[in-house]
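The values are calculated or read from the model by the stated rules, or taken from the named source; none is laboratory data. Just so it is clear, the structure is predicted and the values come from calculations on it, not from any experiment. Neighbour counts are summed over all protein chains in view; Cβ atoms, including those assigned to glycine, are modelled from backbone coordinates with ideal geometry. Heads up: the accessible areas ignore ligands, DNA and RNA and are worked out on the full protein's heavy atoms, side chains in. Shrake-Rupley method; radii C 1.70, N 1.55, O 1.52, S 1.80 Å.
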Amino acid sequence: MQNKSFEENINRLEEIVKILEQGETSLDDSIALFEEGVKLSGECNKTLEGAKQKITMLTDVENGEK
Amino acid sequence: MKITVLSVKQLNSYVKSLLESDNHLSSFYLSGEISNFKDHYQSGHLYFSLKDSDAVIKAVMFRFSAAHLKFKPQDGMKVICRGRVSLYERDGTYQFYVEDMIPEGVGDLTLAFNQIKEKLEKAGYFLESHKKPIPKFPKRIAVITSDTGAAVMDILNITGRRWPLCEIIMCPVHVQGELAVPDLINAITRVQTVPDIDTIIIGRGGGSAEDLWAFNSEELATAIYSCKIPVISAVGHETDFTICDFVADLRAPTPSAAAELAVPDCNKFFEHLGGMDKRLRFIIAEQVKSAYLKIQLLNTRMRTVISEMITDKAQQIDSFSDKLCASLNDKLKCCEKVFGITLGKLNTLNPLSVLARGYTVTTKDNLSVTARELKTDDKITVKFLDGTANCIVDSVDLEK
């Protein structure tokens, strides 16, 4: 499922913002990180916007997985 | 006179029937303190005495009555019992047969709850160190509760609103009555066989202490304690505390609160993402602005330095230029002087000026001659300033 990568994306995004806020990166590095950050932010937004809740009965899950 | 001699059996039987025929003694309430308590584990019958400051009576509570007790009777406990008295013929024991018992002062449920809580707490069931953290971004959550009632609707609505990314696995169970505890334990067991379940929410809506009683079960507590998946307990209202709440990895005051604790709020996330987006853009804009300023500054400094160099050099050129002119002028003056002198010299050497002073130039055959070379009748030419005379030599006198 996508959620594992959602968590990874959010963590990486927060990491990027932290690094940039420390202000010690070169301009080239900053721009590269910025691009990565914007891309991650866009993906997270898309994931959240497109999600619809799924409800399954335990018995169905058991039958389906077995 | 005839003396009636009874056997012991007859006596006991008579007294027994006396006791049992009295209506007052066939069902009444007795208050006393338990002492000499013995629980016959095999038979399940309870044997004890009830006493007060002045008297004691032996008591028995048979298994089928004792089974209904929620709490465990103990020595020293003050209780109120409903029962009857009779005589146990075999050993002549006059005793009180207890049909029902409640603790005096505190409710039987409260007492039972305290007993179970103390027991499990001693056994380490509630230790913080055993509790697992709740996953922040669950992919799948199992919800063990009744499929009717407000609790399940609240949980589904709130999780659906906050984090639709998470799949909900519904496990409907009885939440009160005899079937509750086996249902709950069964659900916990089955949920652990399903892959990828991140969190379990177990609970029910509000109710009386009796209604919530299933969630105080020791066996349920054991199942939750040994469950490999983190469990959020959400039983009743905020003021209701059950054993389930203490042994779970996290207690929620209500089922709605459980839903809020189990999943993040995606609306907050949109804000968070938006916030991070803004921060990113701001940081980059600032960095670019600062770099641009740096360039401008360097530019200005560069221009200043260059222009200084140029004016410097221009000044040098002017200075050299002046020096050049000056030295040329000097040279010119020098040359003029030399020229003047030379011209003067030339003029003095001009043979015409010699002529102007009255001298003549004499030649013979166009060649200059001296007197010695001349003889009488030589033809000579004499050049004067204003013309020439062709002459013949008359005589020659030589200087000695």
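Extents of chain A, taken as max minus min of Cα coordinates on every principal axis and listed largest first, are 56, 20, 14 Å.
Heavy atoms of the protein chains alone define the surface here; on that basis segment A:3-66 has 63 Å² accessible area per residue at 1.4 Å probe size. Around the Cα centre of chain A, unit charges on the Cβ atoms of Lys, Arg, Asp and Glu (plus for the first two, minus for the last two) sum to a dipole of about 420 debye. Here the relative contact order of segment B:327-394, from alpha carbon pairs under 8 Å that lie six or more residues apart, stands at 23 percent. With a/c under 1.5 counting as rounded, go ahead and sort chain B into rounded, prolate or oblate using the C-alpha gyration tensor (a ≥ b ≥ c being the square roots of the eigenvalues; past the cut-off, prolate if a/b is larger than b/c, else oblate). In terms of gyration-tensor shape, prolate.
When DSSP beta bridges are limited to those with both residues in chain B, what percentage is antiparallel, rounded to the nearest 5? Beta bridges within chain B, antiparallel portion: roughly 65 percent. Peptides A:40-51, B:257-268, B:287-298, ordered by how many other C-beta atoms sit within 10 Å of their residues on average, highest first, read B:257-268, A:40-51, B:287-298.
Here segment B:47-109 has 49 percent of its accessible surface on carbon and sulfur atoms, given a 1.4 Å probe and all protein chains in place. Counting only other residues whose beta carbon sits under 15 Å from that of residue B:370, what net charge do I get with K and R as +1, D and E as -1? The answer is -1. For segment B:215-363, the relative contact order comes to 12 percent (Cα pairs under 8 Å, sequence separation of at least 6).
For segment B:110-231, just say rounded, prolate or oblate: build the C-alpha gyration tensor, square-root its eigenvalues into a ≥ b ≥ c, call rounded for a/c under 1.5, and beyond that prolate if a/b exceeds b/c, oblate if not. It comes out oblate by the Cα gyration axes.
Between the residues B:272, A:40, B:143, the greatest Cα displacement towards the positive end of the dipole of the protein assembly as shown, with unit charges on the Cβ of Lys, Arg, Asp and Glu, is found for A:40. Secondary structure note: in the protein assembly as shown, about 60% of the DSSP beta bridges are antiparallel. Scoring B:38-49, B:140-151 by mean Cβ neighbours within 10 Å over their residues and listing the highest first yields B:140-151, B:38-49.
Inter-chain neighbour count for B:164-174: the average number of beta-carbon atoms from partner chains within 10 Å of each residue's beta-carbon is 5. Across the options B:134, A:25, B:1, the greatest Cα extent toward the positive end of the charge dipole of the protein assembly as shown (unit charges at beta carbon of Lys, Arg, Asp, Glu) belongs to A:25. Where does helix B:180-191 land angle-wise versus the long Cα axis of chain B, in degrees 0 to 90, nearest 10? Once rounded, one gets 30 degrees. If you sort the three axes of the alpha carbon gyration tensor as a ≥ b ≥ c, you get a/c of 1.5 or more for segment B:288-352 and a/b above b/c, which makes it prolate. Heavy-atom accessible area for residue B:363, with the other protein chains in place and a 1.4 Å probe, reaches approximately 30 Å².
Ranking B:339, B:389, B:319 by Cα position along the charge dipole of segment B:313-400, where only Lys, Arg, Asp and Glu carry charges on their C-beta atoms, puts B:319 farthest toward the positive end. For the listed residue pairs B:337/B:383; B:132/B:278; B:139/B:278, the alpha carbons are over 30 angstrom apart in B:337/B:383; B:132/B:278. Using the alpha-carbon atoms, what tilt in degrees (0 to 90, nearest 10) does helix B:8-21 show relative to the longest principal axis of chain B? Orientation of helix B:8-21: about 70 degrees from the principal axis. Accessible area of residue B:334 (1.4 Å probe, protein heavy atoms only, ligands and nucleic acids ignored): about 80 Å².
Sorting the segments B:367-375, B:216-224, B:82-90 by their residues' average number of neighbouring beta-carbon atoms within 10 angstrom, most packed first, yields B:216-224, B:82-90, B:367-375. Mean per-residue shielding of peptide B:141-148 is 1, counting Cβ atoms of other chains within 10 Å of each Cβ.
Computed about the Cα centre, the dipole magnitude for segment B:227-369 is approximately 1720 debye when only Lys and Arg (+1) and Asp and Glu (-1) carry charge, each at its Cβ.
For residue A:57, the residues 5 or more places off, or on other chains, whose built amide H falls under 5 Å of its own are B:170.
The mean number of Cβ atoms from other chains found within 10 Å of a Cβ in peptide B:151-163 is 1, as a whole number.
Using only Cα atoms, find the angle between the long axis of helix A:3-22 and the longest principal axis of chain A, and express it within 0 to 90 degrees, rounded to the nearest 10. Roughly 20 degrees, rounded to the nearest 10. Please compare each pair in B:16/B:72; B:58/B:78; B:313/B:333 to a cut-off of 20 Å on the Cα-Cα distance and tell me which ones are over it. The pairs that break the limit, which is 20 Å between Cα atoms, are B:16/B:72; B:313/B:333. Looking at chain B, the accessible area is 63 square angstrom per residue; that uses a 1.4 Å probe and ignores ligands, DNA and RNA. Take every Cα pair under 8 Å in chain B that's 6+ residues apart, average their separations, divide by the length, and report that relative contact order as a whole percent. Computed over chain B, the figure is 9 percent. With only the Cα atoms considered, the protein assembly as shown has a convex hull volume of 385 Å³ per residue.
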